[in-house]
Amino acid sequence: MARRYDPERRQRIIDAAIRVVRRDGIGGLSHRSVAAEADVPLGSTTYHFASLDELLVDALRQTNAAFSEAVFRSVDRVELRRDLAAELARTLGQWLAGDRGTNELEYELYLAALRKPALRPVAQEWVASVTEALARHVDPATADAVVALMDGISLQVLLTDREYDEEYARTMLGRLLTGAPDASETGSPAGPVAG
């Protein structure tokens, strides 16, 4: 019996792993669950990925790409630093308004790097790519702080089910980007607290 040539099999396995993690969490990921989801023989998953960590690395890299690309597009649209805060707040709002399952998946994979050292370089790649995009307008330290703020706002929205407040995000991003705090504006880390 001739071996069937399937150049897309590796990608189908990565896509299947993403679906499994989205549905069942990282704890539900196994070569067997991915093979079933991808409709490939179990040996195909172990042929392409010797370990689950290798598979998670490629899954994380793929899920990170969409948000990084959105930030690059946002940065490309602005010419002045003061416009960058509004554009980033809008981009973050669009991402958070998207499919919640996808957002949770991205953060679950991203935060898995805490326990899985093989994922740390990929998480660092994501931070570096977003920082690189921002460095077109700001110094590296400010770019790092902007990434940290966007991560923090995103996590708080996802973890607390609090509504995303674009104006709050724009204000806080503006403070970082311009270095000018406005004492008249107050609010909690994820946005103003509703009374």
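The values are calculated or read from the model by the stated rules, or taken from the named source; none is laboratory data. Quick caveat, the model's predicted, so the values are computed rather than measured. Quick reminder, even Gly has a Cβ in these numbers, built from the backbone with ideal geometry, and neighbours come from all protein chains shown. Ligands, DNA and RNA are excluded from the accessible area calculation, which covers all protein heavy atoms including side chains. Shrake-Rupley method; radii C 1.70, N 1.55, O 1.52, S 1.80 Å.
Tell me, what % of the accessible area of region 1-119 is carbon and sulfur with a 1.4 angstrom probe?
Whole-percent figure for carbon plus sulfur exposure: 52.
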- Query: Among the GluC sites (Glu not before Pro) within region 49-86, which fall in a DSSP loop and have no more than 13 other Cβ atoms within 10 Å of their own Cβ?
  - Reply: GLU79
- Karplus (6.51, -1.76, 1.60) ³J(HN,Hα), θ = phi - 60°, over region 93-110, in Hz, Gly and Pro reported as x: x, 5, 5, 5, 7, x, 5, 4, x, 5, 4, 5, 4, 4, 6, 4, 5, 4
- Per residue, what volume in Å³ does the Cα convex hull of region 52-156 take up? 93 Å³
- Query: Solvent-accessible area per residue for region 26-107 at a 1.4 Å probe radius, Å²?
  - Reply: 47 Å²
- Item | Taking all pairs of distinct alpha-carbon atoms in region 1-119, Kirkwood radius in angstrom | 15.9 Å
- Query: Between the helical axis of 166-178 and the dominant principal axis of the chain, each derived from Cα atoms, what acute angle in degrees is found, rounded to the nearest 10?
  - Reply: 70 degrees
- Item | Around PRO121: net Lys/Arg minus Asp/Glu count, Cβ-Cβ under 14 Å | -1
- Item | Among PHE49, ILE26, ALA123 - extreme Cα towards positive end, dipole of the chain, charges at beta-carbon | PHE49
- Message: Positive end of the dipole of the chain, charges at C-beta (+1 Lys, Arg; -1 Asp, Glu), about the Cα centre: which of ALA66, SER154, GLY98 has its Cα farthest in that direction?
- Response: ALA66
- May I ask for the angle, rounded to the nearest 10°, between helix 9-24 and the longest principal axis of the chain, with both axes built from Cα atoms and the value confined to 0 to 90°? 60 degrees
- Query: Where nothing but the Cβ of Lys and Arg (+1) and of Asp and Glu (-1) is charged, how large is the charge dipole of region 4-52 around its Cα centre, in debye to the nearest 20?
  - Reply: 20 debye
- What are the principal axis extents of the Cα atoms in region 100-150, in Å, biggest first? 31, 26, 14
- Over the chain, what is the mean sequence separation of C-alpha contacts under 8 Å (at least six apart), divided by residue count, expressed as relative contact order in percent? 20 percent
- Message: Compute the helix-to-body angle for 120-134: its Cα long axis versus the longest principal axis of the chain, expressed 0 to 90° and rounded to tens.
- Response: 40 degrees
- Computed helical MRE - 222 nm, the chain, DSSP H runs ≥ 4 contributing -39500 (n - 2.57), nearest 500: -22500 deg cm²/dmol
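Mind putting a number on the dipole of the chain about its Cα centre? Charges go on the C-beta only, +1 for Lys and Arg and -1 for Asp and Glu, and I need it in Debye to the nearest 20.
The calculated dipole for the chain is roughly 640 debye.
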